[in-house]
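**Student:** Take a look at the following structure, please.
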Amino acid sequence: MSESGTAVPAPRPGRPATESDPVGAAWADYVAAARQLDGVRRAAATAAGEQARSVQAARDELTEVRARLAPQSSRLRELGVAPISLLPTPPELTEAARSMAAGPAAVLTSLQAARKWSEAADDTLAARGLPRIARWPSQPRNLLVYGPLALVVPLLQLVLFLATGTGPVSVLALVVGLPMPAVAFMTGWLAVGRLFRPRPTDRVDRTPRLGALVCLVPAVVAAAGIVLAMLAG
């Protein structure tokens, strides 16, 4: 009995398969052929199963790629891309046909690569606010948000001080400006998440330590400068 359940004849007892025994030799050849046939059958069944799994996986990949390409095509047309630019060129069709001729496994590999490209296109199309800057390293990218927010209140305090001198308005501006670094940091933290998140499920590196430092330093420097100017005056 083989592993697959196929009955394989065993040598007949008491009749050794030797060259001097034609019947035994024929029986041994029959047994060897039956075992070889069983091995071929099992290998063919395994290959057929793998091919069927590859075909099903390729169909699933094709469904997902089509689901991604349809809204991308509509979005690109809304952005003014010519419809002819969205169609494959003859060399691309030839290359696709060549890959399909290599079998289900090769088709599956090509579809997986196409899915990765479509995901990258989704990231670009869905990037909110600043798509190109969203691909920058996190620190210089976030600095574009934290920096301007951190300078708003210190600049207003300096303008008020230059306009009113050491009067109560400047003192009030210093007092009101004390919690402003925290407000600027929270505003920047939220803005980074909204501007630079490619997709809603992705996480964005908001660099909180850098943001807190950037928001705090200008406020401290401006407040210290204004206080020293008041004391000197």
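The values are calculated or read from the model by the stated rules, or taken from the named source; none is laboratory data. The shown structure was predicted, so the numbers you read here are calculated from the model rather than taken from an experiment. A quick note on method: Cβ atoms are made from the backbone with ideal geometry, for glycine too, and the neighbour counts reach across all protein chains shown. Heavy atoms of the whole protein, side chains included, go into the accessibility calculation; ligands, DNA and RNA do not. Shrake-Rupley method; radii C 1.70, N 1.55, O 1.52, S 1.80 Å.
**Student:** Considering each residue of the range 102-124, count those that are among the hydrophobic types (A, V, I, L, M, F, W, C), modelled with pLDDT under 70 and loosely packed, with under 15 Cβ neighbours inside 10 Å, and give that number.
**Tutor:** 2
**Student:** While we're on this one: What are the pairs, 6+ residues apart or on separate chains, where a residue within the range 197-209 that is at pLDDT below 65 has its Cβ under 7 Å from a residue that is small (G, A, S)?
**Tutor:** Matching pairs, first to second residue: P198/A126; P198/A127; P198/A134; R199/A126.
Residue-by-condition table, conditions (1) closer than 30 Å to G80 by Cα; (2) of a type in the set (V, I, T); (3) open to solvent by 60 Å² or more (accessible area, probe 1.4 Å); (4) modelled with pLDDT of 85 or more:
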{"residue": "A127", "(1), (2), (3), (4)": "yes, no, no, no"}
{"residue": "A134", "(1), (2), (3), (4)": "yes, no, no, no"}
{"residue": "P137", "(1), (2), (3), (4)": "yes, no, yes, no"}
{"residue": "V145", "(1), (2), (3), (4)": "yes, yes, no, yes"}
{"residue": "L151", "(1), (2), (3), (4)": "no, no, yes, yes"}
{"residue": "G167", "(1), (2), (3), (4)": "no, no, no, no"}
{"residue": "V175", "(1), (2), (3), (4)": "no, yes, yes, yes"}
{"residue": "L178", "(1), (2), (3), (4)": "no, no, yes, yes"}
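**Student:** Is it true that Q36 is polar (S, T, N, Q), in a helix (DSSP H, G or I), more than 24 Å from A113 (Cα to Cα) and at pLDDT 75 or above?
**Tutor:** yes
**Student:** Could you list, in sequence order, the residues of the range 66-90 that are open to solvent by less than 90 Å² (accessible area, probe 1.4 Å), under 18 Å from R115 (Cα atoms) and either in a helix (DSSP H, G or I) or of a type in the set (A, V, I, L, M) (or both)?
**Tutor:** A67, R68, L69, A70, P71, Q72, S73, S74, L76, L86
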